[in-house]
Amino acid sequence: MNFKATHLKPFGVIVEPVVQGMNVKELDLKSLHQFFLQEQIVVLRGFSTFRDSEDFAKYCELWGEISIWPFGKVLELIEQDNPQDHIFDHRYVPMHWDGMYRPQVPEYQIFHCVKAPLPGHGGRTTFSNTVLALKNAAPELKELWGKVTGIYQRKMEFYNSKTVSPIITKHPRRDFSVIRYNEPPCEGKDFVNPPDLEFAGVPGEKVKEFHQGLQDALYSPANFYAHEWQDGDVVITDNFSLLHGREGFTSKSPRHLQRVQVQSSPPFNNPGLESYK
Ligand SMILES: [Fe+2]
């Protein structure tokens, strides 16, 4: 074996080379895929990585068909001076799933950390394992969540979409339930281009309790992992089972991530998409 694998808490696995200088492409993809199915997050750390974004995309193609955006295959996540959207801001991003506003929902997210923020400056990517959240939740909470449907609308540079999704739904390819939820941005916090959110099936007087219960579960240490980036990290995550967001970071501190979305095989058509322009 040319790598060592260590469990992360409370889920995920970190894979590191036994001998320095090994390239990430030398890792056996079947083993990594097995880790992905079992652990939902696979962190590859300490390997040499990619020459450029094209080389990164080429690696991602080994995992499956890449979801193509108007900007191409690789999203360059770098803070912008006057961001038109929160993804290019330095502030926090609430929990959501990728592809919720797109015709197809990708199964894999593959991140490559070109430049990590300095230690102590924030910017961790946050992940909640919704399979664990459901397993650990009290039955009365699950009963409430099971009655609620989220109605989400969002307009940004690349789409103007409406999506409707039950809070609890089946994993599209496996035999267990997952949570699909776009957490409302924290009240009082500045947030660039927020979506319109509505939640049907929960009586008015219970709305606050509903969000609180769900957020407590998603951010509970038993279900939550925040990835602190190091230069050269490659992270593969399960977008069907997890929700993710971002912690705020010090503005102008370096943070450059590349992200590629890879479809399941066959690709999964977004069941909740009501309109897409
Ligand atoms: Fe995202």
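Read-outs throughout are calculated quantities, based only on the coordinates presented, and are distinct from any laboratory measurement. Remember, predicted model here, so these are calculated numbers, not experimental data. Using ideal geometry, Cβ is built from the backbone for each residue, glycine included, and neighbour counts are taken over all protein chains shown.
By how many degrees, between 0 and 90 and to the nearest 10, does the Cα long axis of helix 207-218 differ from the longest principal axis of the chain?
20 degrees
Can you tell me the alpha carbon radius of gyration of segment 1-82 divided by the globular rule-of-thumb value 2.2 N^0.38 Å? All intermediate terms of the calculation are to be shown ahead of the outcome.
Working: Rg = 14.6 Å, N = 82, 2.2 N^0.38 = 11.7 Å.
Segment 1-82 yields a ratio of 1.24.
Where q = 0.16, 0.21, 0.26 Å⁻¹, what log10 of I(q)/I(0) comes from the Debye formula for segment 143-218, counting one point per Cα?
The Cα Debye sum returns log10 ratios of -0.67, -1.06, -1.32.
Given C-alpha coordinates of segment 195-243, what is the ratio Rg to Rh with the Kirkwood estimate of Rh?
Details: Rg = 15.5 Å, Rh = 13.9 Å.
Looking at segment 195-243, the ratio lands at 1.12.
For segment 28-152, with the dipole built from +1 on Lys and Arg beta-carbon atoms and -1 on Asp and Glu ones, taken about the Cα centre, which of Gly123, Ile87, Trp69 lies farthest toward the positive end?
It is Gly123, whose Cα lies furthest towards the positive end.
Using the Cα centre of segment 70-201 as origin and beta-carbon charges of +1 (Lys, Arg) and -1 (Asp, Glu), tell me which of Ala138, Ile78, Thr149 is placed farthest towards the positive end of the dipole.
My answer, from the dipole projection, is Ala138.
Beyond 21 Å, what share of the Cα-Cα pairs of segment 64-204 remains, rounded to the nearest whole percent? Could the numbers behind the result be given before it?
On the way: 5170 of 9870 pairs.
More than 21 Å apart: 52 percent of the Cα pairs in segment 64-204.
Report, largest value first, the span of the C-alpha coordinates of segment 215-277 along each principal axis, in whole Å.
Principal extents (largest minus smallest coordinate, Cα): 37, 29, 25 Å.
Distance between Cα centroids, segment 156-199 to segment 206-275: provide it in whole Å.
11 Å
Using the Kirkwood formula on the Cα atoms of the chain, what hydrodynamic radius do you get, in angstrom to one decimal? Numbers along the way, then the final one.
Working: mean 1/r = 0.0517 Å⁻¹.
After inverting the mean inverse Cα-Cα distance, the result is 19.3 Å.
With the convex hull built on the Cα atoms of segment 159-198, state its orientation-averaged projected area in nm².
That works out to 4.1 nm².
Please report, in debye to the nearest 20, how large the charge dipole of segment 3-266 is about its Cα centre when each Lys and Arg carries +1 at its beta carbon and each Asp and Glu carries -1 there. List each step's numbers first, then the result.
Values: 29 positive and 33 negative charges, 74 e Å.
It works out to roughly 360 debye.
As a test of the formula, what do you get for the chain when each DSSP H run with n ≥ 4 contributes -39,500 (n - 2.57) and the sum is divided by the residue count, at 222 nm and rounded to the nearest 500 deg cm²/dmol? Let's see the in-between values first.
Working: 5 runs with 46 residues, N = 277.
Here the helix-only value at 222 nm equals -4500 deg cm²/dmol.
Among Val114, His33, Ser251, pick out the residue whose Cα is farthest towards the positive end of the charge dipole of segment 3-266, where Lys and Arg carry +1 and Asp and Glu carry -1 on C-beta, about the Cα centre.
His33
Taking 18 Å as the cut-off for C-alpha to C-alpha distance, list the pairs among Lys162/Lys277; Lys155/Lys206; Lys142/Lys208; Lys147/Lys208; Lys58/Lys252 that go past it.
On the way: Lys162/Lys277 9 Å; Lys155/Lys206 28 Å; Lys142/Lys208 16 Å; Lys147/Lys208 15 Å; Lys58/Lys252 30 Å.
Correct reply: Lys155/Lys206; Lys58/Lys252.
So what are the radius of gyration and Dmax for the Cα set of segment 17-139, in Å?
That works out to 16.5, 50 Å for Rg and Dmax.
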